[in-house]
Every structure is written in structure tokens, then in C-alpha cells.
Amino acid sequence: MNFKTLALITAIIMFVLGAGYLLAGTALVGRWQIQPTEGVLLLARRIGGIYISLSVGFFLARNAPVSVARTALSTAIAMGTLFLASLGVYEFSAGRAGAGILVSAMVESLMAIGYIWFLVKESQDEKKRRGL
């Protein structure tokens, strides 16, 4: 999978999540069996804004050539999604979230794996290009 495809998939996922948190926060946090209090919904709407911003960023970066910036973006999303997946599993294990959070953790894990795979492949390609 190339960066353009991965960035487009990321943009779509982030947009859908962002719109969901903005427009249907009660349903999203309900999937995790968390009470949709006013405070929780306030945070959900703010997270929705972040996800939509990330969506726009990945959509605009989809044609970025190999660069330090593209590697940084890929590394950041790999680490971020891996961290979110780990937190989801932890919160489920601690009994603070229901099984629905594991679906989110699975999607986050797949995104992390996709970006890690891409970063490893890009590094190998660069080594080949340099003749190392």
C-alpha cells in the first residue's frame, strides 16, 4: 500500500469519526458503555473537531513526496493510533469501558500496523536506493 492510499483511508476514517463525535456523540460513547454526560459530550465534540482537522491534513498530504515531513506525519499517526488502541484495551480491562471500545482499538491497531508497515517499507526502499 502506498502513502496516497493510506492517507486517503486515514482521511475518510478521521472524517467519519469526527462527524460522529460532533453529531452523534451520545451514540459513540454509548457503544463504549460510558454515560453521555454533558462533560463527556463536550469532550466528544472537541475530539470531533480534532478528527476533522486531521482528516483535512491527511487528505491534503496524500500526494506528498518522500520527505522528513511525510515520515514525521506517518510516525505520529502510527504512534498515536497504537497509543489509543493500548488505552482502549487498558480501559476495557480496568472495567471503565464496555466491549465496544475493543472495536475502536482494533481499527486503531490496523491503522498503526498500516503506517508501521509503510514506514518500514519506505526505509527499506531508501536503503536500496542508496545501495546500502
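Going through (1) over 23 Å from ASP125 (Cβ atoms); (2) part of a helix (DSSP H, G or I) one by one, ARG70 falls short only on (1).
Being farther than 19 Å from THR10 by Cβ and either among the hydroxyl-bearing types (Ser, Thr, Tyr) or in a helix (DSSP H, G or I) (or both) is the requirement here; does GLY30 meet it? When the stated conditions are applied, GLY30 passes them. Of all the criteria given as (1) surrounded by fewer than 18 Cβ atoms within 10 Å (Cβ to Cβ); (2) assigned to a loop (DSSP other than H, G, I, E, B), the one not satisfied by ALA97 is (1). Checking ARG96, ARG130 one by one, the residue that is more than 13 Å from the chain's Cα centre (by Cα), within 20 Å of ARG31 (Cα to Cα) and of a type in the set (D, E, K, R) is ARG96 and no other. Note on segment 58-67: among residues that are open to solvent by 60 Å² or more (accessible area, probe 1.4 Å) and in a helix (DSSP H, G or I), the one that is farthest from ILE34 (Cα to Cα) is LEU60. Condition test on GLY80, is it at positive phi and out of contact with any Pro (no Cβ under 8 Å at 6 or more places or on another chain)? In short, no.
LEU82: open to solvent by 40 Å² or more (accessible area, probe 1.4 Å) and either in a loop (DSSP other than H, G, I, E, B) or in contact with a Ser or Thr (Cβ under 9 Å, 6 or more places away or on another chain) (or both), yes or no? Criteria met by LEU82. Only one of the listed residues (LEU102, LEU82) is under 18 Å from the mean Cα position of the chain (by Cα) and without any contact (Cβ under 8 Å) to a residue 24 or more places away in the chain. That residue is LEU102. For segment 13-57, filtered to residues that are closer than 16 Å to SER74 by Cα, within 11 Å of the chain's Cα centre (by Cα) and without any contact (Cβ under 8 Å) to a residue 60 or more places away in the chain, the residue that is most open to solvent (accessible area, probe 1.4 Å) is LEU54.
The values are calculated or read from the model by the stated rules, or taken from the named source; none is laboratory data. Since the structure is predicted, the reported quantities are computational estimates derived from the model, not experimental observations. Glycine also receives a Cβ, built like all others from the backbone with ideal geometry; neighbour counts cover every protein chain displayed. Surface accessibility is based on the protein's heavy atoms, side chains included, excluding ligands, DNA and RNA. Shrake-Rupley method; radii C 1.70, N 1.55, O 1.52, S 1.80 Å.
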